[in-house]
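Shown next, in structure tokens, is the structure this report addresses.
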Amino acid sequence: MSKLYFIPGSQDLYGEECLRQVAADCAEMVSFLNGKLNDVVTVELLPTVETSRICVEDIRRAENDDDCVGVITWMHTFSPAKMWIKGLQMLRKPLLHLHTQFNEKLPYDTIDMDFMNLNQAAHGDREYGFILARLGIAHEVVAGYYKNEKVISRIRRFAEVAKAISFSKNTLVATFGNNMRDVAVTDGNRLECEIRYGWEIKYWGIGEIGKLADEASEEEVDAKMKEYTDKYTMATDNIEAVRVQARYEVAFEKFIAKNHVSAFTDNFQDLFGLKQLPGIAAQNLMGKGIGFGPEGDYKIAAFSAVLMKMAEARKGATGFIEDYTYDLTEGEELELASHMLEVPVSFAAGKPAIEVHPLGIGGKEDPARLVFDGVTGDGIQVTLVDMGDHFRIICADIELVAQPKPMPKLPVARIMYRHKPNFEIGTAGWCYAGGAHHSVVSTALTREDIALFAKLTGTELITIGDDTTMADIQRI
Ligand code: MN
């Protein structure tokens with residue numbers, strides 16, 4: 001279970017009794033937080049920082065604990081912030097500054113100097129906030145009484161984003177084949193991806209999958225076919241084409257397990273040894289939280305895996321998508337987003353159908369794929385691009401809608417959405433920002449989640465939504 005350490009701040013100026021009370025109050029707060037957050041994370045109390053040495057010991061413990069995904073700090077009393085410098089300089093995990101109080105209301109009738117000295121986050125948290133700002137440490141501040149639902153939900157968000165960042169630092173992307181020839185936005189600096197986000201991007205030839213697929217036993221393929229027919233409607237007579245995909249998924253699963261892979265890419269230009277472009281195989285794996293990027297897009301493969309991790313405790317769908325085509329009816333503009341085949345099954349509004357159709361490009365056999373209409377509701381579209389000297393995340397609020405009419409001749413899964421605040425500003429803003437045609441769409445995550453991820457990873461962020469104006473996008 002992932003863990004957050006809770007590190008309170010005080011000092012020895014107020015005597016032993018005060019420090020005992022600080023520890024007791026913090027234990028009660030931690031117990032309360034555990035009751036509220038136990039589906040996402042556990043919270044563990046560390047010794048109160050009274051000296052620089054204790055701070056270093058606490059942070060060292062957080063850094064050395066692989067289960068620890070982040071740290072919460074709070075100043076119960078005043079805590080001179082020079083004591084925090086050396087410890088904070090060692091901290092590389094996400095940091096939450098909880099600006100709260102043990103008491104909700106002031107005890108007007110009984111308040112005295114002892115009470116004021118014990119409960120002075122208003123004083124101590126400002127001293128502490130200064131040193132975080134002075135040291136330039138990226139962090140989240142959550143302000144309010146710690147039992148308030150709004151405060152709890154923001155701590156929960158921090159825990160989910162911290163878990164995603166921890167996952168990110170352990171993400172291995174297997175790239176089968178290279179970047180699609182001549183495509184710009186899917187390419188970039190792999191080395192910088194590993195330095196900033198921890199993504200190990202490693203190359204293998206697609207023949208590795210072809211070999212494992214050839215070696216898969218009929219029993220393994222039968223079991224995978226059963227998984228497909230249990231979950232999906234078989235809407236083709238070409239069972240052999242579906243078995244080819246089942247064979248690929250068996251191969252990918254073996255490769256993923258053996259090499260501890262979180263995400264993978266392929267490229268339809270390089271399918272040597274494969275008869276079909278992986279369709280169902282990729283779609284079904286994405287439904288299990290495995291990141292995927294077509295055309296060698298290692299950034300979206302890794303980013304989609306990280307965002308699926310961030311969303312794992314929430315309702316809603318999260319996954320890769322490609323911007324494809326528009327309905328430009330004035331005032332009612334809609335986007336149809338899809339891909340050649342590889343739309344994550346998480347987006348299915350109903351039971352997907354397994355179909356086999358020709359693929360116009362790639363020159364391979366007709367691939368089996370899952371076809372479905374998409375989920376609806378408020379969501380975000382988010383992407384990550386390499387600007388040469390930095391990465392940029394672009395996050396747009398969207399509304400996923402039901403397709404207005406059936407599309408009986410379209411042989412791929414799809415989602416549809418409306419841009420915010422409107423088509424003109426939403427899509428022009430995306431173009432100005434250099435947003436990719438590959439992105440992650442989520443009905444589980446919000447702009448605030450992405451903003452926190454961007455802040456804690458030191459990534460530039462551009463957001464587009466109902467509060468975006470034409471003047472805003474002219475400044476991008
Ligand atoms: Mn694509």
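Taking a threshold of 31 Å on the Cα-Cα distance, which of the pairs LYS3/LYS288; LYS226/LYS420; LYS226/LYS299; LYS150/LYS299 fall above it?
LYS226/LYS420; LYS226/LYS299; LYS150/LYS299
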For segment 105-148, with the dipole built from +1 on Lys and Arg beta-carbon atoms and -1 on Asp and Glu ones, taken about the Cα centre, which of ALA133, GLY144, ASN117 lies farthest toward the positive end? ALA133
Inter-part gap, Cα centre of segment 124-155 to Cα centre of segment 295-316, in whole angstrom, is 27 Å
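Taking all pairs of different Cα atoms in segment 126-218, averaging 1/r and flipping that mean, what Kirkwood radius in angstroms comes out?
17.7 Å
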Computed log₁₀ I(q)/I(0) - Debye formula, equal Cα scatterers, no solvent, segment 278-321, q 0.13, 0.16, 0.19, 0.27 Å⁻¹: -0.24, -0.37, -0.51, -0.96
Let me check against my output: what whole-number percent is the relative contact order of segment 227-376, with C-alpha pairs under 8 Å and at least 6 apart? 27 percent
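Mind checking the dipole of the chain: about its Cα centre, +1 per Lys or Arg Cβ, -1 per Asp or Glu Cβ, Debye to the nearest 20?
480 debye
Which whole-number percentage describes the relative contact order of segment 172-474, with Cα contacts under 8 Å and a sequence gap of 6 or more?
Relative contact order comes out at 18 percent.
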On each of the three principal axes the extent of the alpha-carbon atoms of segment 215-350, given in whole Å and largest first, is 54, 36, 33
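Can you work out the FRET efficiency for the pair ASN38 and LYS315, with r the C-beta to C-beta distance and R0 = 22 Å, to the nearest 0.05? Could you put the intermediate results ahead of the total?
Numbers: r = 18 Å, r/R0 = 0.82.
Between ASN38 and LYS315 the formula returns 0.75.
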Taking only Cα atoms of segment 344-417, the Rg to Rh ratio with Kirkwood Rh works out at 1.08
Roughly how many Å² of LYS226 are accessible to a 1.4 Å probe, to the nearest 10? 120 Å²
Taking 7 Å along the Cα-to-C-beta vector as the label spot, tell me the ARG126-ALA451 distance in nanometres, rounded to one decimal. 2.4 nm
Please report, to two decimal places, log10 I(q)/I(0) for segment 283-431 at q = 0.15, 0.16, 0.21 Å⁻¹ as given by the Debye formula with identical point scatterers on the Cα atoms and no solvent. -0.83, -0.95, -1.52
Length gained when the stretch LEU135-ASP327 is fully extended (0.36 nm per residue, less Cα-Cα span): 64.2 nm
In deg cm²/dmol, rounded to 500, what helix-only [θ] at 222 nm does the chain give when every DSSP H run of at least 4 residues adds -39500 (n - 2.57) and the total is split over its residues? -12000 deg cm²/dmol
Rounded to the nearest 5, what is the percent of antiparallel bridges among the DSSP beta bridges in the chain? 50 percent
About the Cα centre of segment 1-122, what is the dipole size in debye to 20, counting +1 per Lys and Arg Cβ and -1 per Asp and Glu Cβ, all else neutral? 540 debye
When only C-alpha pairs under 8 Å and at least 6 residues apart count, what is the relative contact order of segment 1-112, in percent? 35 percent
With a Förster distance of 56 angstrom and the Cβ-Cβ distance between ASP67 and TYR432, calculated FRET efficiency to the nearest 0.05 equals 0.85
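Over 29 Å between C-alpha atoms is what I'm after, so list which of LYS211/LYS351; LYS163/LYS351; LYS231/LYS409; LYS163/LYS275; LYS231/LYS258; LYS309/LYS455 land there. Let's see the in-between values first.
Working: LYS211/LYS351 32 Å; LYS163/LYS351 31 Å; LYS231/LYS409 23 Å; LYS163/LYS275 38 Å; LYS231/LYS258 26 Å; LYS309/LYS455 18 Å.
Beyond 29 Å: LYS211/LYS351; LYS163/LYS351; LYS163/LYS275.
What longest region of the chain stays clear of chymotrypsin sites (Phe, Trp or Tyr not before Pro) that DSSP places outside H, G, I, E and B and that have at most 15 other Cβ atoms within 10 Å?
That gives 273-476 as the longest site-free run.
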Rg and Dmax [Cα atoms of the chain; Å; Rg one decimal, Dmax integer]: 25.2, 82
Rounded to the nearest 0.05, what FRET efficiency is calculated for LYS150 and ASP472 with R0 set to 30 Å and r the Cβ-Cβ distance? 0.65
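If you take the square roots of the eigenvalues of the alpha-carbon gyration tensor of segment 206-262 and sort them as a ≥ b ≥ c, do you get rounded (a/c under 1.5), prolate (a/b over b/c) or oblate? Each step should come with its number before you reach the end.
Working: a/c = 2.24, a/b = 1.71, b/c = 1.31.
Prolate shape, in that a/c is at least 1.5 and a/b is the bigger ratio.
For LYS211 and LYS105 in the same chain, what is the full-extension length gain: residue separation times 0.36 nm, less their Cα-Cα distance, in nm? Intermediate results must be reported in sequence, preceding the final value.
On the way: separation 106, 0.36 × 106 = 38.16 nm, distance 6.76 nm.
Full extension from LYS211 to LYS105 adds 31.4 nm.
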What's the percent breakdown of Cα-Cα distances in segment 3-168 across 10 Å bins, shortest bin first? 10, 42, 37, 9, 1, 0
I need the GluC sites (Glu not before Pro) found in segment 324-358, filtered to DSSP loop residues with at most 16 other beta carbons within 10 Å of theirs. GLU330, GLU332, GLU333
Pairwise label distance in nanometres, THR51 with SER31, each label 7 Å out on the Cα-Cβ vector: 3.0 nm
SASA check, ARG53, accessible area w/ 1.4 Å probe, all protein chains in place, rounded to nearest 10 Å², comes out at 150 Å²
So what's the angle, to the nearest 10 degrees on a 0 to 90 scale, between helix 218-231 and the longest Cα principal axis of the chain? 70 degrees
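The values are calculated or read from the model by the stated rules, or taken from the named source; none is laboratory data. Model, not experiment: these values are computed from the prediction. Please note: Cβ atoms are built from the backbone with ideal geometry, for glycine as well, and neighbour counts cover all protein chains shown. Calculation scope for accessible area: heavy atoms of the full protein, side chains included, ligands and nucleic acids excluded. Shrake-Rupley method; radii C 1.70, N 1.55, O 1.52, S 1.80 Å.
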